[in-house]
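Values in this text are rule-based calculations from the coordinates and carry no lab data. Bear in mind that the values here come from a model prediction, so they are computed numbers and not experimental data. Positions of Cβ are backbone-derived with ideal geometry, glycine not excepted, and every protein chain shown enters the neighbour counts.
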Amino acid sequence: MNKKLNRNDPCWCNSKKKYKHCHFEFDETLKSLSYQGYPIPNRKLIKSRKDLEGIKKSCQLTKFILDELNTIIKPGITTNEIDKWVYDTTLKHHAKPAPLNYKGFPKSICTSINEVICHGIPEDRILKEGDILNVDVTCIIDGYFGDSCRMYPIGNISQQAKRLIDVTKECLEESIKQLRPFDPINKIGDVISEIAKRESYSIVKMFGGHGTGNQFHEDPFIFHYKKNEKLMICAPGMVFTIEPMINEGSEECIILEDNWTAVTKDKSLSAQWEHTVYVNEDKIEILT
Ligand SMILES: [Zn+2]
């Protein structure tokens with residue numbers, strides 16, 4: 001339970017403002033949503049100004065790396081070479097790659113090719129014309145995390161593959177556009193489900209987005225599909241990822257023997273796009 005504050009007390013968020021001029025309205029809004037049966041975020045999930053500044057810096061480096069990869073990724077390169085470039089670039093910017101040694105993950109990025117859904121491990125496999133590649137990058141600067149991933153077509157790709165990539169991107173962008181502060185995060189899965197259904201694609205259920213910023217993975221879990229139960233309210237100050245994984249065929253996945261690589265059971269193509277977002281007073285802000 002949070003301590004009962006009086007209106008003239010300093011706010012719990014350390015802004016040094018009076019509670020009535022700071023998070024009083026915020027708390028009242030959450031209280032009424034809680035009465036309606038929605039889980040509300042713990043105050044630990046509401047980022048301070050200082051946290052947000054740190055998270056933004058880290059997200060900017062992640063974005064820079066993903067931008068630069070557009071010029072580096074081409075037919076003939078191996079995923080190990082991409083990994084090495086990201087490792088070197090991250091260190092050059094006085095940052096650390098979060099995936100490296102995370103629960104024993106051996107590399108600095110995840111590289112997921114074609115039927116790989118996510119968590120592919122960089123290797124000496126040479127990328128060839130027509131492949132589709134996802135690169136997932138998370139940087140840490142001063143203890144703050146910035147997490148994002150994108151799709152990279154290798155040379156010319158099929159119309160079919162291009163459509164999957166474009167629709168998956170639409171799922172991410174549209175869910176960000178339609179989500180409003182104080183909405184339940186159900187909205188994300190609702191929007192993505194509509195789009196996937198329209199295209200007869202399936203949504204991966206085994207993995208989701210997550211709170212992030214001060215740690216790699218924080219609450220809440222972000223579902224990319226429709227849930228009937230009431231999910232947490234997305235309140236101003238929260239930072240989380242949205243990262244839909246969309247399959248051309250069935251939603252079923254298998255984890256390979258390396259205990260990381262997730263692939264589609266029917267070997268159909270899978271695509272993923274991800275942003276770290278910040279819930280502003282009036283909109284959802286993309287940080288990556
Ligand atoms: Zn406050």
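For the reader, a short list of remarks on this structure follows.
- Residue-span extension gain [Glu199 to Ile286] - 0.36 nm each, minus C-alpha spacing: 28.8 nm
- Only helices enter this figure: runs of n ≥ 4 DSSP H residues, each worth -39500 (n - 2.57), summed and divided by the residues of the chain, yield -9500 deg cm²/dmol at 222 nm to the nearest 500.
- Extension gain, Lys44 back to Asn156 (0.36 nm per residue minus Cα-Cα distance, nm): 35.7 nm
- Residue pairs exceeding 23 angstrom between C-alpha atoms, taken from Lys187/Lys283; Lys84/Lys169; Lys63/Lys197: Lys84/Lys169; Lys63/Lys197.
- When Tyr102, Tyr278, Tyr144, Tyr35 are arranged by Cβ crowding within 10 Å, least crowded first, meaning fewest neighbours, the order is Tyr35, Tyr102, Tyr278, Tyr144.
- Under 16 Å from the Cα of Lys265 - lysines, other chains or at least 8 residues apart: Lys205
- Multiplying the residue separation of Ile254 and Lys31 by 0.36 nm and subtracting their alpha-carbon distance yields 76.1 nm.
- Average Cα contact separation per residue, segment 188-288, under 8 Å, 6 or more apart, as relative contact order %: 26
- Segments 203-209, 86-92, 54-60 sorted - mean Cβ within 10 Å per residue, highest first: 54-60, 203-209, 86-92
- Built amide H within the under 5 Å cut-off of His119, gap 5+: none
- Projecting label points 7 angstrom from Cα along Cα→Cβ for His21 and Lys128 puts them 6.7 nm apart.
- The aspartates and glutamates whose alpha-carbon is closer than 17 Å to the alpha-carbon of Lys18, local same-chain residues fewer than 8 away aside, are Asp9, Asp27, Glu28.
- Note: relative contact order over the chain, using C-alpha pairs below 8 Å and six or more positions apart, is 20 percent.
- Sequentially through segment 282-288, phi angles give Karplus couplings (6.51, -1.76, 1.60; θ = phi - 60°) of 10, 7, 9, 9, 7, 9, 10 Hz, Gly and Pro residues having no value and appearing as x.
- Remark: spin-label model distance Lys187-Met206 equals 3.1 nm, labels positioned 7 Å along the Cα→Cβ axis.
- Of all lysines in the structure, those lying under 19 Å Cα to Cα from Lys44, and not within fewer than 8 positions of it along the same chain, are Lys3, Lys4, Lys16, Lys17, Lys31, Lys56.
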